[in-house]
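These notes concern the structure reproduced below.
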Amino acid sequence: MAIKFKQQLKAWGAQRIKDQFHLRISVKAIRRIWKEKGLLKRKRRKRKTKNDLRRIKAKWQVFEQIDVDTKALFDIPEYWPQMKKLGLPRYQYTARDVVSGLMFTGYAQENCLTCATLFIQVIINHLQK
């Protein structure tokens, strides 16, 4: 029975199939049966990807790769009342150097090209000095 369910519902795990179809067999036994029948895929480990990225990043020079991001602050429940009451910024701009971890932060009321450009220009001017 467990084999039939796994063939029909490939994305479902052993625990979910056991619970949904009230199977009497244990979860461990279901997984063992699936493994014997070749129905389980081997999970790709993230460690390989992380190690690959570390090797690539180790070759970079400082400030060669800077990641820039924009975050809306109004979706933070603890910040919302203070933002409304005190007129605090609604958006946060961050630029982080991947190699050194150095991070620049800026804030704005709007999420617009002008604000983002100004933020980056301030960082470039600072780094040129």
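Derivation of every value follows stated rules applied to the coordinates shown; laboratory data play no part. These figures come from a predicted structure and were not determined experimentally. Note that each Cβ is placed from the backbone with ideal geometry, even for glycine, and that neighbours are counted across all protein chains shown.
Here are a few things to note about the model shown:
- For residue 102, the residues 5 or more places off, or on other chains, whose built amide H falls under 5 Å of its own are 97.
- Correct choice for Rg and Dmax of the Cα atoms in Å that was computed from the model, options (i) 18.6, 79; (ii) 18.9, 84; (iii) 25.1, 71: (iii)
- A simple rule links phi to the HN-Hα coupling: the Karplus curve 6.51 cos²θ - 1.76 cosθ + 1.60 with θ = phi - 60°, which for the stretch 97-105 gives 6, 5, 6, 8, x, 4, 10, 10, 10 Hz, with x for Gly and Pro.
- Amide N of the stretch 103-117 lying under 13 Å from the label point, which is placed 7 angstrom from the Cα of residue 82 along Cα→Cβ: none
- Span-like helix ranges in the chain, DSSP H, alpha carbon extent 24 angstrom or more, Kyte mean at least 1.0: none
- Counting only Cβ charges, +1 for Lys and Arg and -1 for Asp and Glu, the dipole size of the stretch 1-64 around its Cα centre is about 260 debye.
- Dipole magnitude for the chain: about 1720 debye, using +1 per Lys or Arg Cβ and -1 per Asp or Glu Cβ, origin at the Cα centre.
- Dipole of the chain, positive direction: furthest Cα of 63, 106, 120, with charges on the beta-carbon: 63
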